[in-house]
Structures are given as C-alpha cells and as structure tokens.
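All remarks here apply to the structure that follows.
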Amino acid sequence: MKGVRHYPGFLPMAVACLIILYAPLIVVMIYSFNGSTSITTWGGFSWRWYADVFTGPEAPRFKAAAWNSITIAVLAATTATAIAVAASLAMIRGGRFRGKSATFALINLPLMVPEIVVAVACLIFFTTIGLTTGYLTILIAHITFCIPFAYLPIAARLQGIEDTYEQAARDLYASRAQAFRLILLPLMMPGILSGFLLAFIISLDDFIITNFVKGAGMETLPTAIFGSVKQGIKPNIMAISTMMLAVSVIFVTLSYLVNRIGQRTRA
Amino acid sequence: MSTAIDIRSVVKRYGTATALHGVSLSISDNEFFTLLGPSGCGKTTLLRCIAGFEDVTEGEIRLFGQNIAGLEPNHRPVNTVFQQYALFPHMTVLDNVAFGLKMKGMGLADRTARAGKMLEMVHLSAFADRLPSQLSGGQQQRVALARALAPEPKVLLLDEPLSALDLKLRQAMRVELKTLQEQTGITFIFVTHDQEEALTMSDRIAVMSQGRVQQIGTARDIYEAPVNRFVADFIGETNLLEVTVERIEGDTARVILPGGHAITCAAVGNGPGKHHISIRPERLSLAATGDLEAVVERIVYLGTDLQLLTRLTTGEEFHIRLQNSARTALPPPGSTVALHLEEGAARLLAD
Amino acid sequence: MAGMTPTPKGNGTGYRSLVGPLLLPTWVVIGIFLVLPVALMAVYSFLTKEFRGGVIWDFTLAAYDQFFLNRGLFGDEPPTLEWTYITIFWRSIWQAALATLICLIVGFPTAWFIATRPPKARAIWLFLVTIPYWVNLLIRTVSLKFLIRENGPLNESLMSIGLITDPLPLVNTNLAVQLGLFYSYLPFMVLPIYAAVERYNFALSEAAADLYASRWVTLREIVLPVVKPGIIAGCILVFVPSLGAFLAPDLLGGAKTFMIGSLIDEQFRGSQGNWPFGAAAAMILMTLVLIVLMIYARAQTKGEAR
C-alpha cells in the first residue's frame, strides 16, 4: 500500500523532465571537446576549441564582448542591489504609507512587461533624448530590469527578520545607524547576496533588450554568440557556451550555499 | 521609597483604535511590578511605551522624575527582555551580552569582563562562545536576561519572558527571576497573562483590561479583595451570583442571596439594587443548614482537592472546592446539600 | 501571547520617516527608464514613419490602420480586415497557450514528485531543476537547435538504432518552436507548483482516501483545487514570456512560425523598419499581457476573499 503522496507515472515524468532539460546542455558540453573541425563527426577529445576561443581569429571579439558583459553585469547588479535594499527597507519596515501598492507594482513592472516591449521602449526613449546607444544605454537598461530580481530575495529575507532585533539593539543604546549597520545589515546579508547573484546572472543572460539598445559595434557575450550562430553553430560557440554554463552553475551553487548559511543564523 | 516610574494619564491611539485609555500608575524603586491581563488588554503596549518603541498619544511617563516621552529608545536607561528574546542570531552569546556596553562606549576589555560576570550570574559562562541558536530555550532566556541587565538599567522591562518555556522551566525561572531582582535591586516591570506567574513573583500587580487599569495591589489584595467583576473573575476561580442589595453601610452591605437568605458582606461601590457578589469556591463548607442550597451534579477528583459542580436550587451554576481528606464525606450526585459561607467569603463587587 | 493591540510591524525601527528618500532611487530609475519609455512608445505608435528608420512627428493612426485594415495595394480600396498581422498574433497566442499546456502536463507531476521526496532528495531535485533556469537562455536555445538539427545527435542516434531511416526535419517547424518554448520556460511552471504542493496538507488527501475517494479522484477533487494558485501562477509565468518570445521562434522556427517577437524586432532593423508600426505592435502585445495579468490578479483577490 503506497501513501497518498504516490501517483503512478509521476516519477517517469520527473525523470523525463530532467532529461529534456539537460540533454541539450550535455550534448553541447560533450561536443565542445570534439577534436574534429566538423560538428557532425566525433574527432576525439580535445581542448582545441577552448584554445580557439582565447587565441583564434574571433578571440578579440569575444574578449571584448566578455569584458562588456561582465563589467555591465557587475555594475548593474551592484546598483540594482543598492536600490533594492533601500526599497525593501521602505516597503517592509516603513509601515503603511500612501502609494505603497503603486510602488510595489512599479518595482515589479519590469517583470510584467514583456522583454521585447521593454526593448522597444528603451530604444525609442534613448533615441528620442539623443543618448547614443552603446555601453551606457545597455547599463541603464540592465539596472532597470535587474531591480525586481534583486528586490525579491532581499525583501523576502527582510520580511523574515523580526523587528525585535532592531528594537533590542535600540533598547541597548544603539543609534538608528548602528542598529542598521550592526544588526539589520548582517542579518539581511544572505538575501542581499542572493539578490546580487540573481541580478548578476539576469544581466549576463539578457539578449533581447541588449540587442535593441547596444548600438552598432558594441557587443556583449549573448549578442556576439547570437551573431555567430546566425551563420551556423561552430565548435568554438559550444566551448563558450560550456564555459558560461560552468559560470552559471558556480553561481547557483554559491547562492544556494549562501542561503544555507543564512538559514543557520536565523533564530 | 522613591518612585522609579510614574505613568500619568497615558493614552495611546492607533488611528481610531485606542489601546490605552488614560493609564496612571506609579512604580517604586526596587519593586517587582507586574502588568497582568488578557490578550489585547494594553499591557504590552504600555511596556513598549515605557521602552520607547511606541510614542504615547497623550500623558507622560516619568523615570525618576524625568519625563522620558519623546526620548529615543537608545537614550532611555531602561532595558527590555523580549518575548522571543530577540538574541542577535549572528553574534555569540558573549557579544550579545556585551552589545549594550559596547554601544554605551565601554572598552573591549571592560565590557568583556562585565559580560563574563553577567554570564556567570546566570550560570552560562561555559556557553560564551556559542551562537544563540545552539542554546536551549531556557538558556536563551537567561542570556536575554544577562544582556538586558549588563548595562545596569534603572528599570528592567520583561515582556512575557517565560511564555516560550515549558511548564517545569517556567516554574524554575520564576524563582530565579525573583532572586535576580532581589540581588540586583533593579525595578522589574513584568508583563504576563498568566495569573499564577503574577501572584507568585510580584510585589504588586496591576490588573489591566481593555486599555484600563482595573486594580493595583498585592497578590493578596487582588485575590481576596477584588474591586470589580472583571478582577474577581480573571483572578482565580470564583462564583459570581446576582444578589439584591438592601443597604450599604460604610464598606459592608446587607444583601439577599438567591433563595432568600440575607447576609452581611464586604462591599465596594454600588448602591441598592441588583448587583453581583463573588464567592471563592474554597471559602465554603457543607453543613446541615446553610446560606445556599444546591444540587450536586458532578464530583471531579483533583488529587489534593475535590471539586463539586453543583447547581443552586434557584438555577445558577455553583462550584465548590473541598480539601481531600479521609474525613470528607461526599454527598452522592443528585443529592441536595446546604452550603455555609465562611466569614468574609462573599464580597459585593462594582460592575 | 502578545497583546492583540494592532501594533503595526516595523514600528519603533525608525524607517517610517525615511520611506521617501529610501524609495526615491526606485521611483526615479524605473519611472524614467521604464514608465517614461513605455509612454513614449505609446506616443510613437501614433507617429508617421520615416523611411530610413525613425519617425516624423506627425500624428496619425497609420500604424494601427496598417495592422488591422487592408486598403489594397495603393491604399484606395474600401478597407477590409487585414489578416496578416492578426494571424501572427493569433499564432503567437496559440503557440504560447500550447506551450503552457505542455509545460503544465509535464510540470505538475514533476513538481508533485519533487515536493513529496524526503527533504534531502527534495533539495537535490530542486537544485537540478533550477540550474537550467540559470543558464543563459540563448545558450539553451542554441544547444537545443544543435541537438535536434538535421544532422544533429538526436537524428543520428534515432537512425543508428533504426527507429527512423531519414532524419526528421525538426528545425524550422512548429514542433521545434514548441519544444524551444517548453524547454525555455519549464522551470517557471515547476517552481510555483512545487511551492504550492510543498505547503499542501497531505492529511487532506488522507481524509479523501478515508472517505472512499480513489487516488485520481482525490487529485481532481481535492489536490488540484487546493494548489490552484500555484498552477495559475505557473501558467502565467510560462504564457507571458512565451507570447513575446523572440529567441525560440527566431532560431528554431522558420517563416511559417513567425511570431510577435520577430515581427516587432523586424520593424527596428535597418532601413526596412517601421518604428511606429513596431511601437503599435508592441502596444498591442503589452495590452494582451496586461489583460492576462489583470484576469490573474482578479482571480487572486477572489481567492483571498474566500
């Protein structure tokens, strides 16, 4: 007799789900080590396409794109996280105030408007105000749509922190600033790190909006990869993909560990 | 004895809801003072007003003569033991205890020494380097106490600090708290909804209900001489009977019990007419002839005591408590008994 | 128990007076760089197109006219309903709905299965399902294309085991786009349903079983209604991005699978572009999404009122 939790067929479905999710990624990972120049035949294990990414004819282009992607992701995630921390303090600790639900909708607006619409709107806006599309416009757009991604984990964490900790600190002669710096900020830190990592990945990931507001000559990794695969999938793209995949996995693992540590300090 | 806290006509409103309707009370230095009342009576709000987490809407709170309304919590020489302790989860036990001292500007060596001494006082020296989450509930409770006492506050506020502990620990902590208060000589203001806690520890108790102080007095005062129906009903077990008041002379009254028997009893307030008296169930005895007549419905065995659930011949439910002794002859259920009121057992109450 | 007096959370922590300054950056950034641009986009949809991309500031309904009406090759015939763009929108809605349905059929059992594992196994499963969500969408789509292309590993292995004799022409079909959408947004379906099932009180299922309901009747009568909020959230999270998806249809689809995303994108590419028309199409897409979200919000508030 199996319990009420068991449904026949659900296990195969879950396994199928994982296979569908992972098969393409694993295949690409394997083929990135293909020694052959043709993507269809297996030419033995080799690092040659990884070497090609760093030293091949397309290397300068990918290096520039990677540099842009990473610096934009760091700057956008940092700025969005700072904005989100301030916003979450007001939203969670500020009690009731006028315009609270409107502000909540505003914070989540980038999640609700389809990406392609945000992309079009940003392009039109930047063109109209005469801002040359390029690094700066990408950065501004990324900060904007990263805010909700940074906000969600930070607000969730803050919601879980009893306000008695700050009251206890104030009761024990800490000023407002001290109560924030010594008590609230360390307690919020797991949420802040999660928010930062999420915003970082989302920025690194973005293609559609970046593609609209990047202007001519400016590339991030996704737009450079997209440009390349338009002419067909080459092995060096698979090598880049595998490296980006590895970066993503490292980041998820980090954020997972951060959360685990966060749970331990929760009273 | 000097006055530690003087609360004068404090009103607290949240929008249209009023949590405190003009509360006035004064608490002496070195006193163990308890605010007792059911959920929502305003006791916690009053405590938070003293601590500075809430602003009072009207009235003033004086701490050793100084009006502290408007002072930020960190500028008030009072410390709080929070209901769920609020120990900083990212700091060690020692850092928690030393936090207030650090904020007051005490140097590292001094505050470590003092915090260590405080931990010694609550028997937790061995746990100084642990995180709060690695301690049991009772240990966390003692850390919270040590942390609040370390900066030597003039007044210690305790917000239902025992409610998260199990019964046995709670009973042990009562004794420990009382001892600690006597040792340190600090004024304790203790908030609870548990009357047993209040009765066992307090020098004086303020019984609160619906944002008002109903009665202030010693444990004995409020148990034996409740001033109104709420206090009589809330503290201990009692029988409230509607009686006809014939006349009142000074602080005694002549009342007619259900069934027609007239007695003289202590009285507070109220003129002639229909009012209530309180009769504690243990202040009665079974007799051949008595003041009231009742039919025994059930007998509940409680070990040291026996509880008789009866119904007066006039219809009201009536509880009686008898000591369990070999000599007690028990009337069988269904039989009619006469009840004799002991001297001073009945008390006429204000409504 | 603490006093039941309404003590607003956050009182006595001192952030009440700082609400304005704390929210200012959010208002400024999202207000200027999202709300204002969307408003400007609405204005653009009523402007006249310029032939080398861009606009002339003359107000006209031309973009919407072009979208909905056909006035013949020279614009002088009586207007009839123009089907070209409506068909593209309709196809997008249909594709997105189908992708949502498939995600639900696969996602619900998966989410249920994960949520009923013991805690340790659950954490691992959850971790495995989340990872692809963190992997760049472009890379995932490219990987899928690589896997299912004509001479790709999928066809090769199917042929080598003799299941098929000729490679399946998967790329540039509706099926490929479906697969792409499904693959892109499946985690969005699994995670909210998982969260709902995790909170589900299994005693309800036991009570139903006790009262003679079979496993599947219990699923239909008890489980689904109770975890419905999670299912609806998952459906929205899959449907909305699928509707405006660009990468999956663009990389995996062909001319026959042209969707809204590509249509809008095309209007802003080089000299063939038509900015007012692109803005109008984006406005219509946004309106569609907002309608879906509003239905969702109403369903949510109704659910809470119960």
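The values are calculated or read from the model by the stated rules, or taken from the named source; none is laboratory data. Since the structure is predicted, the reported quantities are computational estimates derived from the model, not experimental observations. Note that each Cβ is placed from the backbone with ideal geometry, even for glycine, and that neighbours are counted across all protein chains shown. With ligands, DNA and RNA removed, areas are computed over all heavy atoms of the protein, side chains included. Shrake-Rupley method; radii C 1.70, N 1.55, O 1.52, S 1.80 Å.
So the values come out like this:
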quantity	calculated
Test for residue C:226: is it open to solvent by less than 10 Å² (accessible area, probe 1.4 Å), in a helix (DSSP H, G or I) and either of a type in the set (Phe, Trp, Tyr) or away from every other protein chain (no Cβ under 12 Å) (or both)	no
Elements of type helices (runs of 4 or more DSSP H) in the stretch A:46-140, at least 2 residues being within 9 Å of chain C (Cβ to nearest Cβ)	A:59-93, A:100-112, A:115-129
Filtered residues of the stretch C:91-114 (kept if touching a Phe, Trp or Tyr at 6+ places or on another chain (Cβ under 7 Å) and either closer than 19 Å to residue C:200 by Cα or buried (at least 24 other Cβ atoms within 10 Å of the Cβ) (or both))	C:96, C:99, C:100, C:103, C:109, C:111, C:112, C:113, C:114
Failed criterion for residue A:174 (all others in (1) on the phi < 0 side of the Ramachandran plot; (2) outside any helix (DSSP H, G or I); (3) open to solvent by 20 Å² or more (accessible area, probe 1.4 Å); (4) small (Gly, Ala, Ser) hold)	(3)
Scope the stretch B:146-172; condition open to solvent by 20 Å² or more (accessible area, probe 1.4 Å) and either over 16 Å from residue B:192 (Cβ atoms) or more than 14 Å from every other protein chain (Cβ to nearest Cβ) (or both); matching residues	B:152, B:154, B:166, B:167, B:168, B:169, B:170, B:171, B:172
Filter result (part of a loop (DSSP other than H, G, I, E, B), over 16 Å from residue A:30 (Cβ atoms) and modelled with pLDDT of 80 or more) within the stretch C:149-163	C:161
Test: residue in the stretch A:21-34 that is away from chain C (no Cβ under 13 Å), over 20 Å from the mean Cα position of the chain (by Cα) and more than 30 Å from residue A:160 (Cα to Cα)	yes
Any chance residue B:99 is under 19 Å from residue A:169 (Cα atoms) and aromatic (Phe, Trp, Tyr)	yes
Output for the stretch C:122-178, where each listed residue is polar (S, T, N, Q), within 10 Å of chain A (Cβ to nearest Cβ) and either open to solvent by less than 40 Å² (accessible area, probe 1.4 Å) or in contact with a Gly (Cβ under 6 Å, 6 or more places away or on another chain) (or both)	C:130, C:136, C:141, C:143
Residue list for the stretch B:84-109, filter: of a type in the set (A, V, I, L, M, F, W, C) and either part of a helix (DSSP H, G or I) or open to solvent by 40 Å² or more (accessible area, probe 1.4 Å) (or both)	B:93, B:94, B:97, B:98, B:99, B:101, B:103, B:106, B:108, B:109
Close pairs (8 angstrom Cβ cut-off, 6 or more residues apart or separate chains): of a type in the set (S, T, N, Q) in the stretch C:72-94, assigned to a helix (DSSP H, G or I) anywhere	C:92/C:243; C:92/C:260; C:92/C:261
Which numbered condition residue B:170 misses (of (1) over 20 Å from residue B:348 (Cα atoms); (2) touching a strand residue (DSSP E or B) at 6+ places or on another chain (Cβ under 7 Å))	(2)
Pairs, first more than 23 Å from residue C:145 (Cβ to Cβ) in the stretch C:228-252, second outside any helix (DSSP H, G or I), C-beta under 8 Å, six or more apart	C:240/A:114
Residue match in the stretch C:12-35 (condition: modelled with pLDDT under 80, open to solvent by 40 Å² or more (accessible area, probe 1.4 Å) and more than 24 Å from the chain's Cα centre (by Cα))	no
Unique residue being of a type in the set (Lys, Arg) and either more than 31 Å from the chain's Cα centre (by Cα) or assigned by TED's automatic domain parsing to the domain that holds residue B:194 (or both) when the list is B:247, B:321	B:247
Contacts under 7 angstrom Cβ, first residue in the stretch A:157-168 being on the phi < 0 side of the Ramachandran plot, partner in a helix (DSSP H, G or I) and polar (S, T, N, Q), 6 or more apart	A:158/A:88
From B:138, B:116, residue being in contact (Cβ under 8 Å) with a residue 24 or more places away in the chain, of a type outside the set (Lys, Arg) and either surrounded by fewer than 17 Cβ atoms within 10 Å (Cβ to Cβ) or in the same structural domain as residue B:75 (by TED's automatic domain parsing) (or both)	B:138
Residues of the stretch C:179-209 satisfying the condition of being more than 10 Å from chain A (Cβ to nearest Cβ) and of a type in the set (D, E, K, R)	C:198, C:199
Matching residues in the stretch B:26-47 - criterion: being open to solvent by 10 Å² or more (accessible area, probe 1.4 Å), touching a residue at least 60 places away in the same chain (Cβ under 8 Å) and at negative phi	B:28, B:29, B:31, B:38, B:39, B:44
